Amino acid sequence: MAVALLFTALLLEGVLRIAFYHSKDFSMEMWKYAVELKQPVANPKISFAHRPNSHAFLMGADVQINSQGLRDYEYPLAKPPGVYRILLLGDSTTFGWGDSLDQTTPKILERDLNAVHVPGISRFEALNAGVGNYDTVQEVTYYQTRGRGFHPDLVILDYFINDPEPVPVEKKGFLIDRSYLIAFTTNRFDGVLRRLGARPDWKIYYASLYNEDRPGYRACVAALKDLAASTRENHAKVLVALLPELHQINEDYPFAAEHQKIKDVLAAEDVPVLDLIQGLRNHGPEMMLWVTPLDDHPNGKANALIAAQMRDWILANLGATAAAPQ
């Protein structure tokens, strides 16, 4: 029986490796992302980071991590003369989950800005510091420990509704890092629990993160205040872009109250906020902005709409206009 079970497990392992070699299954692709592109770090306020010079094929997209640990082209730490540098902090939405590099928000923003002539600026650079599963604490800590070394003129933090979650711990183990069968079984078991109601409804869960007594929420608020102080110290501008949860945006957005709480926190710190929902609304059914019908990460169309709003804000604050030809 033991031999039969071992043979069955090995057979299933082989079948799953073939079936999910190139797939768009969210759970399995996220597992592969964690295994192939992430590594633990000692700082508990970051927990994990991209492995420099790593590569994977995820969600139908080729993903290359550069020598600085960014999903981006190579940029020197020293900012060249005449360059206006933007550092985008965020999670998998900034990273560009399911999108090619050129269709991520930072690269679209970079192209859009470089199509405009702005006196005194020879080139714009928009660096993608997004890391899947990061929250606000991790994003701000990254800026304070690493991101500021790029000397950005502007820091944009992409804020998502689940950012008050506690800093996740990237668990590494011999089998979980290597076995498709274990990863598949674990992911599907979690899905069964959700369908049976053993996991909270997504709307209830996200709203609960904003309870004042939640340690994750308090840490999130403290991190936003730290970002305001750190950027002032480094003579950089800062913008917080509120990215809506894309399941329900055309009407009756369910997290307007939660977004308002974050706006109030930032207003007290004199940090400007860009609410992206208006520019994403009424472009067809919400699903038209998703990477797949089962994964509501923003696709290339959504990223272009996000980048356009960021471009207009940046140009307005530089005294330029998007209509100006290069």
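Side notes on the structure shown:
- Only one of the numbered conditions (1) part of a helix (DSSP H, G or I); (2) surrounded by fewer than 18 Cβ atoms within 10 Å (Cβ to Cβ) is not met by residue 119, and that is (1).
- Residue within segment 95-103 that is closer than 28 Å to residue 154 by Cα, in contact with a strand residue (DSSP E or B) (Cβ under 8 Å, 6 or more places away or on another chain), free of Cβ contacts under 8 Å to residues at least 40 places away in the same chain and assigned to a strand (DSSP E or B) present: no
- Pair list, Cβ under 6 Å, 6 or more apart: segment 199-210 residue closer than 18 Å to residue 166 by Cβ, other residue among the β-branched types (Val, Ile, Thr): 206/161
- Residue list for segment 1-48, restricted to those being in contact with a Ser or Thr (Cβ under 9 Å, 6 or more places away or on another chain) and aromatic (Phe, Trp, Tyr): 26, 31, 33
- Tally of residues being closer than 26 Å to residue 21 by Cα, in a strand (DSSP E or B) and not small (Gly, Ala, Ser) across segment 32-87: 11
- Scanning segment 55-94 for residues being among the small types (Gly, Ala, Ser) and farther than 21 Å from residue 300 by Cβ gives a total of 4.
- Residue among 252, 270, 312 that alone is under 20 Å from residue 156 (Cβ atoms) and over 22 Å from the mean Cα position of the chain (by Cα): 270
- Residue within segment 57-68 that is surrounded by 17 or more Cβ atoms within 10 Å (Cβ to Cβ) and modelled with pLDDT under 90 present: no
- Residue match in segment 145-156 (condition: closer than 30 Å to residue 85 by Cα, modelled with pLDDT of 70 or more and acidic (Asp, Glu)): yes
- From the options 112, 91, 102, residue that is out of contact with any Leu (no Cβ under 7 Å at 6 or more places or on another chain), loosely packed, with under 15 Cβ neighbours inside 10 Å and either modelled with pLDDT of 95 or more or among the hydrophobic types (A, V, I, L, M, F, W, C) (or both): 102
- Top-ranked residue of segment 1-31 - restricted to ones that are assigned to a helix (DSSP H, G or I) and of a type in the set (D, E, K, R), ranked as farthest from the chain's Cα centre (by Cα): 13
- Test: residue 127 is in contact with a Gly (Cβ under 7 Å, 6 or more places away or on another chain) and either exposed (fewer than 15 other Cβ atoms within 10 Å of the Cβ) or part of a strand (DSSP E or B) (or both): no
- Flag for residue 110 being out of contact with any strand residue (DSSP E or B) (no Cβ under 6 Å at 6 or more places or on another chain) and either within 27 Å of residue 234 (Cβ to Cβ) or touching a residue at least 24 places away in the same chain (Cβ under 8 Å) (or both): no
The values are calculated or read from the model by the stated rules, or taken from the named source; none is laboratory data. A quick note: this is a predicted structure, and the numbers were derived from the prediction, not measured. Cβ coordinates were reconstructed from backbone atoms using ideal geometry, including for glycine residues, and neighbour counts include every protein chain displayed.
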